[in-house]
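> Take this structure, written in structure tokens, and hold onto it; I'll ask about it next.
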Amino acid sequence: MAANSLFSEEVLCDVCTETKVKALKSCLVCLNSYCETHLEPHQKITVMTRHKLIDPVKNLKDRMCKKHDRPLELFCKTDQICVCQSCAESDHKLHHIVPMIEEYEGKKAELGKTETDVQQMIEERRLKIQQIKQSVKFSKEDADRETAPNVQVFTDLIQFVEISLAELIMMIKEKHKTTEKQAEGFIKELEEEIFELMKRCAEVEQLLRTEDHLQFLQSFSSLNPAPPTKDWTEVRVQSSYEETVRRAVAQLKDTLSKELEKLRVHFELRRVQQYAVDVTLDPDTAHPYLILSDDGKQVSHGDVKQILPDNPERFSSALGVLGKQRMSSGRFYFEVQVKEKTGWILGVSRESINRKGYFILSPENGHWTVGLMKGNEYKGLAGPSVCLPLRSKPEKVGVFVDYEEGLVSFYDVDAAALMYSFTDCTFTEKLCPYFNPSHNADGENSPPLIICPVSNTG
């Protein structure tokens, strides 16, 4: 603010005696400032027209060399100060001296560039503010979009825990009721035995009071036998529910673990879906028995072998076709509908794979694939194959590749479940999407493999 006031401060005429008028120019020779009226001599008198006039400034004496009393018209680049002609010829004789106007123009140009740079920095920061605001807006939208379904997920989990707790309490109460009934039965049985034993005890006491030997012996032989009794030593009434609680907690833990894993995979699937690429089939690689749709998004097995050029890229034995896309870095993802099919194979392959003759699908041979065999056997073709114990029959399969991480993962999209992952893979060349619809099996496996547009699982 101080710098701005320096240039905006009003300079008044030094000659005006009464009301001071605003100066129009300042003279570096006279060291005065003049209004339009008092400036006339500098415009008409020949000697004065040679004076150096500048825009009005205050403190004109500061523009004179204090040592030589001459105008500061030169600039010493060596010492970075303004000097007069006498200074240039004496103290600054061996220094780099330039006219003040030259240094002014240079510094002005430099300052102009600085101003441009500063303006650019300001603009960049304004754009960054807009980007940040936009990011906050997107974050809010994403937060709103994420909140409802995730609140529902956790609400369902809480509800499940509450139901499990209620069931556990009910189970404990039912077991307690059973224990009470059991205890009541034991008590009744014990009381009946006590009653019979007391009768027996009374008979024995009465006989013990008899002192007549004959009567005692005659009565002893006719004494009623002891009533039958039960051995109560090992009889117990359940008083602990620890095992019941343990089983309930174990079941709850297992269920929650499965639900949380499902939730984890759900978020993981949403994350990888952002790397979706638009995949289309490459007809130059398709086996002659394969039928491709015009848009390059569907492939099925036909009954008639088509007459096609036997180019090097085409599969000659395996019922395969590659995607046109070639990926050599980063991450990519695509989805394929396998609904109603009894056999299929999907994944990615190296660009240089053998396409002639028969070969085994395995990472060693440049294939990272999974498939459905014989209608009900899901396998990861890892060489040897790995059976996949899936909980549901996938209708849409997602394929995700992280080239740098050496990862190929397959997802059941609708169930938001991980089917299988190849990890620690080594990729050294371009990868292509691989599709094999398998034989149509007399129509049982006629539905095509369909490359689908990726829609977020929400």
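> What are the residues in segment 316-349 that are assigned to a strand (DSSP E or B), under 15 Å from ILE291 (Cα atoms) and hydrophobic (A, V, I, L, M, F, W, C), if any?
Result: VAL321, LEU322, TRP344.
> So the check is Cβ under 8 Å with 6+ separation or different chains; which pairs have a first residue in segment 207-218 that's surrounded by 11 or more Cβ atoms within 10 Å (Cβ to Cβ) and a second one that's polar (S, T, N, Q)?
Pairs that qualify, where the first residue is surrounded by 11 or more Cβ atoms within 10 Å (Cβ to Cβ) and the partner is polar (S, T, N, Q), are LEU207/SER219; THR210/SER219; PHE216/THR210.
> If ARG270 passes every condition in (1) over 16 Å from the mean Cα position of the chain (by Cα); (2) modelled with pLDDT under 95; (3) charged (D, E, K, R) but one, which one does it miss?
Failing condition for ARG270: (1).
> Now for a different question. Determine the pairs where a residue that is open to solvent by 80 Å² or more (accessible area, probe 1.4 Å), located within segment 130-143, has a partner that is assigned to a helix (DSSP H, G or I) with Cβ atoms under 8 Å apart, the partner being 6 or more residues away or on another chain.
Filtered contacts from segment 130-143: no entries.
> Between a residue in segment 379-394 that is open to solvent by less than 60 Å² (accessible area, probe 1.4 Å) and any residue that is hydroxyl-bearing (Ser, Thr, Tyr), which pairs come within a Cβ distance under 6 Å, given they are 6 or more apart or on different chains?
Within 6 Å, the pairs are LYS379/SER385; GLY380/TYR420; LEU381/THR369; GLY383/SER362; LEU388/TYR378; LEU388/TYR420; LEU390/TYR378.
> I'd like to know if segment 405-422 contains one or more residues that are in a loop (DSSP other than H, G, I, E, B) and within 24 Å of SER328 (Cβ to Cβ).
Checking segment 405-422: at least one residue is in a loop (DSSP other than H, G, I, E, B) and within 24 Å of SER328 (Cβ to Cβ).
> List the number of the failed condition for LYS262; all other conditions in (1) closer than 30 Å to LEU449 by Cβ; (2) surrounded by 12 or more Cβ atoms within 10 Å (Cβ to Cβ); (3) at pLDDT 85 or above hold.
LYS262 satisfies all of (1) closer than 30 Å to LEU449 by Cβ; (2) surrounded by 12 or more Cβ atoms within 10 Å (Cβ to Cβ); (3) at pLDDT 85 or above except (3).
> Scan segment 7-66 for residues that are assigned to a helix (DSSP H, G or I), under 22 Å from SER86 (Cα atoms) and either basic (Lys, Arg) or in contact with a Phe, Trp or Tyr (Cβ under 8 Å, 6 or more places away or on another chain) (or both) and jot them down.
Across segment 7-66, the qualifying residues are LYS61, ARG63.
> Scanning segment 170-201 for residues that are aliphatic (A, V, I, L, M) and modelled with pLDDT under 90, which turns out nearest to GLU234 (Cα to Cα)?
Only one residue tops the list, namely ILE172.
> When you go through GLU162, GLU146, GLU196, GLU189 one by one, which is the residue that is closer than 30 Å to LYS262 by Cβ, open to solvent by less than 90 Å² (accessible area, probe 1.4 Å) and of a type in the set (Asp, Glu)?
Of the residues listed, the single one that is closer than 30 Å to LYS262 by Cβ, open to solvent by less than 90 Å² (accessible area, probe 1.4 Å) and of a type in the set (Asp, Glu) is GLU146.
> Please work out which residue is most open to solvent (accessible area, probe 1.4 Å), limiting yourself to segment 273-303 and to residues that are farther than 21 Å from ILE345 by Cα and not acidic (Asp, Glu).
GLN274
> Here is a check on your reading of the model: is ARG355 of a type in the set (D, E, K, R), surrounded by 13 or more Cβ atoms within 10 Å (Cβ to Cβ) and either more than 21 Å from VAL413 (Cα to Cα) or within 29 Å of the chain's Cα centre (by Cα) (or both)?
Yes.
> If you don't mind, another one. Regarding ASP69, is this residue among the charged types (D, E, K, R), out of contact with any Leu (no Cβ under 6 Å at 6 or more places or on another chain), open to solvent by less than 100 Å² (accessible area, probe 1.4 Å) and not in a helix (DSSP H, G or I)?
Answer is no for this residue.
The values are calculated or read from the model by the stated rules, or taken from the named source; none is laboratory data. Owing to the predicted nature of the structure, the values given are computational and were not obtained by experimental measurement. All Cβ positions, even for glycine, are placed from backbone atoms using ideal geometry, and neighbour counts span all protein chains on display. The protein model used for the area step is the full one, side chains on, heavy atoms only, and it has no ligands, DNA or RNA in it. Shrake-Rupley method; radii C 1.70, N 1.55, O 1.52, S 1.80 Å.
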